[in-house]
Amino acid sequence: MEKENIIRVKSFDYGVRIFKLYKWLLEHHRIYSVADQILRSGTAIGANIEEATGGFTKKEFAVKIGIAFKEARETRYWLRILRAGGCLDDKVFDSMLTDCEELIKILGSIQITTRQNIMKEQKPRKG
């Protein structure tokens, strides 16, 4: 059985929340373009993490994690737009933003660790 991967679980759960937010935005605010944007970026986080974990090389992994990190940052932007535009109340905004910030921090840490590991492998060995 495959070991549980916390970033895969958290990003999937977040993607489900984003999908529900998307449906709610369409039903209650009819703001299609912004709803589409947050759906794309918010679900792309997990999709890119899934691709990263299936990657063939560490460099491929690093690229996909980097894309997931950028998508999380974009999602944070759209959340802020929705809040400023009066589409999200404080409770929903705070909850969605907190989870997004957590993904950003985890992905940032994964990026740093991955880069360090790649650099170690690229150093010429003496001997």
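Read-outs: derived from the displayed coordinates by stated rules, not from any lab. These numbers come from a predicted model, not from an experiment. Please note: Cβ atoms are built from the backbone with ideal geometry, for glycine as well, and neighbour counts cover all protein chains shown.
Bridging of K23 to lysines at a Cα separation below 19 Å is possible for K91, once same-chain residues fewer than 8 apart are set aside.
Applying the Karplus relation 6.51 cos²θ - 1.76 cosθ + 1.60 with θ = phi - 60° to the stretch 77-87 yields 3J(HN,Hα) values of 4, 5, 4, 5, 4, 4, 5, 5, x, x, 8 Hz, where x marks Gly and Pro. Of S33, S11, the sequence from fewest to most neighbouring Cβ atoms within 10 angstrom is S33, S11.
For the stretch 6-122, a crude dipole built from +1 on the beta carbon of Lys and Arg and -1 on the beta carbon of Asp and Glu, taken about the Cα centre, is about 220 debye to the nearest 20.
The phi-based Karplus calculation (6.51 cos²θ - 1.76 cosθ + 1.60; θ = phi - 60°) puts the 3J(HN,Hα) values of the stretch 112-120 at 4, 4, 5, 4, 4, 5, 5, 4, 4 Hz, whole numbers, x for Gly and Pro. Set Lys and Arg Cβ to +1 and Asp and Glu Cβ to -1, take the dipole of the chain about its Cα centre, and tell me which of N48, V92, T113 lies farthest positive. Looking along the dipole axis, the top candidate is T113. Within the set K10/K123; K10/K59; K20/K70, which residue pairs have Cα atoms separated by over 31 Å? Pairs exceeding the cut-off: K10/K123. Dimensions of the chain from C-alpha coordinates, computed as largest minus smallest value along each principal axis and given longest first, are 67, 32, 23 Å.
Can you give the log10 of the normalised intensity I(q)/I(0) at q = 0.12, 0.14, 0.27 Å⁻¹, computed with Debye over equal Cα scatterers of the stretch 57-127? Cα-only, vacuum Debye calculation for the stretch 57-127: -0.45, -0.54, -1.11.
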